[in-house]
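Nothing in this text is a laboratory measurement; each read-out follows from the coordinates by a stated rule. Small disclaimer: the values here were computed from a predicted structure and weren't measured. Cβ atoms come from the backbone with ideal geometry, glycine included; neighbour counts cover every protein chain shown.
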Amino acid sequence: MSTYCDIAPTHEWHGPYHANEYGFPLTSDADLFERLVLEINQAGLSWLTILKKREAFRKAYDGFDPEIVARYKARDRKRLLNDPGIIRNRLKVDAAIANAQKILELRKSHGGFHAWLKAHHPLTKEEWVKLFKQTFRFTGGEIVGEFLMSIGYLPGAHETTCPVYRKIVKLKPAWLLNTKGTKNTKNTKQ
């Protein structure tokens, strides 16, 4: 069976994401929020669709600035639902706005999204899913697992034989520093 590490490197869209982003630790609220919004929007679709629409998402969601998105009102929702460059799904749009508001709350309670993640690490995937469901909207098991794998909190983004794996290990991702009953899950990107 082919893995993302097998098919992505030579692909026009997957290649750069696989080599420079997938599994690499993220710390800024905007970067984490972007990845969460993109993972939520992938639900029911291919990752290739999301990668192709990524720039349109950035523009539509004001560079994924949580402070701006958290203030979106009905006019902004309507604009997003009419934007052919992004995924026009009311539940996903509403989740992005609600999750931006939650990130602002996390800034007050923990200092930011990344600090909140660090405060709860290490957790098993099941514990993470439960925590995300209590905290954020539109965050089921697959979305949470891929989100955490893509930002370096769960292992499995790359095969251990993949050259990118060695780059990521040098960055000391959270999954490498301390794991709590977390299996080396396989990525499902494709």
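Yes or no, residue by residue, for (1) under 10 Å from the mean Cα position of the chain (by Cα); (2) on the phi > 0 side of the Ramachandran plot; (3) among the hydroxyl-bearing types (Ser, Thr, Tyr):
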site	(1), (2), (3)
CYS5	no, no, no
GLU12	no, no, no
TYR17	no, no, yes
LEU26	yes, no, no
VAL37	yes, no, no
* Name the residues in region 35-47 that are more than 19 Å from ASP94 (Cβ to Cβ) and not in a helix (DSSP H, G or I), would you? -> SER46
* Under the condition of being among the hydrophobic types (A, V, I, L, M, F, W, C) and either in contact with a strand residue (DSSP E or B) (Cβ under 8 Å, 6 or more places away or on another chain) or part of a loop (DSSP other than H, G, I, E, B) (or both), which residue from region 1-34 is surrounded by the fewest Cβ atoms within 10 Å (Cβ to Cβ)? -> MET1
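Hey, does region 66-89 have a residue that's under 16 Å from LYS133 (Cα atoms) and either in contact with a helix residue (DSSP H, G or I) (Cβ under 8 Å, 6 or more places away or on another chain) or in a helix (DSSP H, G or I) (or both)?
Among the residues of region 66-89, not one is under 16 Å from LYS133 (Cα atoms) and either in contact with a helix residue (DSSP H, G or I) (Cβ under 8 Å, 6 or more places away or on another chain) or in a helix (DSSP H, G or I) (or both), which makes the answer no.
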* Taking the condition among the aliphatic types (A, V, I, L, M), without any contact (Cβ under 8 Å) to a residue 12 or more places away in the chain and at negative phi, does ALA43 pass? -> no
